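The values are calculated or read from the model by the stated rules, or taken from the named source; none is laboratory data. Please read these numbers as outputs of a predicted model, since none were measured by experiment. With ideal geometry, Cβ positions are generated from the backbone for all residues, glycine too; neighbour counts draw on all protein chains shown. Each accessible area value is taken on the protein alone, full model and side chains, heavy atoms only, with ligands, DNA and RNA left out. Shrake-Rupley method; radii C 1.70, N 1.55, O 1.52, S 1.80 Å.
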Amino acid sequence: MMLSLSIVLPAYNEEANVVAAVEEVSHVAQGLTIDYELILVNDGSRDRTGELARTELAPRIPNLRIVEHFPNRGYGGALKAGFVAATRDLIVFIPADKQFKFSEVALLLAKLTQEMALVSGWRVHRQDNLVRRLNGLGWNTVVALLFGRTIHDIDCGFKIFRREVLNRIHIESDGAMIDTEMLAEMKARGYKMTDVPVTHLPRVAGSPTGANMKVILRAFRDLFKFRLRLWRELRDERQVTQAEV
């Protein structure tokens with residue numbers, strides 16, 4: 001059965017990258033011979049990201065939809081807005097910062113077998129500075145201790161999953177913890193996931209926000225709150241199941 005694809009691109013202050021990023025994704029998507037839509041989420045950008053999307057991209061990029069909200073909600077908030085707007089069977093998300101090659105979506109699609117609910121990219125050769133790489137290592141270690149192993153590179157921003165999964169998981173995070181929340185909930189509910197190595201490119205324009213200390217501290221705070229919430233949700237689900245039996 002031919003599946004359809006929603007492509008979600010979150011963008012915050014990416015005026016230097018957004019045009020090229022959308023053009024690349026559109027070019028690749030048109031060559032996939034699959035029904036698709038392209039959803040660009042302008043996450044309250046303070047630069048010309050939204051203006052470029054509306055005036056330069058919207059008139060000429062096929063199947064492009066623009067979602068905008070103000071003020072900035074955060075990475076997780078941008079993704080959630082894109083997920084709500086998505087209408088196709090599969091959802092793939094990739095940031096508009098030009099650090100991934102969207103042509104490698106073929107690698108993710110190839111691994112999305114019938115048993116698989118999610119396939120993630122794996123930045124084997126991560127092109128970030130030492131601080132960001134150490135932050136990533138520490139985060140992955142803490143997540144593994146709290147939730148068990150899921151995939152190699154939890155926070156890789158290049159993932160594809162089945163939209164139907166959203167009916168069974170509850171995503172609250174508006175920040176950097178959204179990937180962890182998705183994967184931990186999916187694992188707890190028995191969904192299968194895997195990963196595949198993808199190319200990671202150095203950022204050549206714009207400024208990353210993930211290494212911001214406020215963002216990091218909020219993510220760790222939210223992580224422990226989520227661990228408690230997930231435990232309660234699973235406990236309540238087990239009690240309901242036992243009562244029905």
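Considering the range 90-133 alone, what residues qualify as being hydroxyl-bearing (Ser, Thr, Tyr), open to solvent by 30 Å² or more (accessible area, probe 1.4 Å) and either touching a residue at least 60 places away in the same chain (Cβ under 8 Å) or part of a helix (DSSP H, G or I) (or both)? The answer is SER103, and nothing else.
Looking for whichever is of a type in the set (Asp, Glu) and open to solvent by 60 Å² or more (accessible area, probe 1.4 Å) here; the options are GLU181, GLU172, GLU185, GLU233. Which one fits? Write out each step before concluding.
On the way: GLU181 fails: open to solvent by 60 Å² or more (accessible area, probe 1.4 Å); GLU185 fails: open to solvent by 60 Å² or more (accessible area, probe 1.4 Å); GLU233 fails: open to solvent by 60 Å² or more (accessible area, probe 1.4 Å).
It is GLU172.
For first residues located in the range 49-78 and farther than 20 Å from ARG218 by Cβ and among the β-branched types (Val, Ile, Thr), partners that are open to solvent by less than 70 Å² (accessible area, probe 1.4 Å) and in a loop (DSSP other than H, G, I, E, B) and lie 6+ apart or on another chain with Cβ distances below 9 Å form the pairs THR49/TYR12; THR49/ASN13; THR49/GLU14; THR49/ASN17; THR49/ALA96; ILE66/ALA58.
Of all residues assigned to the range 18-29, none qualifies as being at pLDDT 95 or above and in a loop (DSSP other than H, G, I, E, B). Checked against (1) at pLDDT 95 or above; (2) under 15 Å from the mean Cα position of the chain (by Cα), ARG73 passes all but a single condition, namely (1). Evaluated against (1) open to solvent by less than 20 Å² (accessible area, probe 1.4 Å); (2) of a type in the set (Phe, Trp, Tyr); (3) in a helix (DSSP H, G or I), PHE161 falls short on exactly one condition, (3).
Taking the criterion of being over 20 Å from SER26 (Cα atoms) and either surrounded by fewer than 15 Cβ atoms within 10 Å (Cβ to Cβ) or of a type in the set (Val, Ile, Thr) (or both), the residues of the range 54-89 that qualify are HIS69, PHE70, PRO71, VAL84. Within the bounds of the range 41-53, is there any residue that is part of a loop (DSSP other than H, G, I, E, B), buried (at least 17 other Cβ atoms within 10 Å of the Cβ) and within 14 Å of the chain's Cα centre (by Cα)? Checked the range 41-53: no residue is part of a loop (DSSP other than H, G, I, E, B), buried (at least 17 other Cβ atoms within 10 Å of the Cβ) and within 14 Å of the chain's Cα centre (by Cα).
Given the options LYS214, LYS225, LYS159, LYS192, name the one that is at negative phi and in contact with a Gly (Cβ under 7 Å, 6 or more places away or on another chain). Don't jump to the end; show me each part of the working.
Working: LYS214 fails: in contact with a Gly (Cβ under 7 Å, 6 or more places away or on another chain); LYS225 fails: in contact with a Gly (Cβ under 7 Å, 6 or more places away or on another chain); LYS192 fails: in contact with a Gly (Cβ under 7 Å, 6 or more places away or on another chain).
The conditions single out LYS159.
Tell me, yes or no, whether the range 16-33 has at least one residue that is within 20 Å of LEU112 (Cα to Cα) and open to solvent by less than 10 Å² (accessible area, probe 1.4 Å). Looking for residues that are within 20 Å of LEU112 (Cα to Cα) and open to solvent by less than 10 Å² (accessible area, probe 1.4 Å), one finds at least one in the range 16-33, hence yes. Of the residues making up the range 131-189, those that are among the basic types (Lys, Arg) and closer than 18 Å to MET213 by Cβ are ARG132, ARG133.
Whenever a residue of the range 213-229 is open to solvent by less than 100 Å² (accessible area, probe 1.4 Å), its partners that are assigned to a helix (DSSP H, G or I) and not aliphatic (A, V, I, L, M), lying with C-beta atoms within less than 6 angstrom and at least six residues away or across chains, give the pairs PHE226/GLU181.
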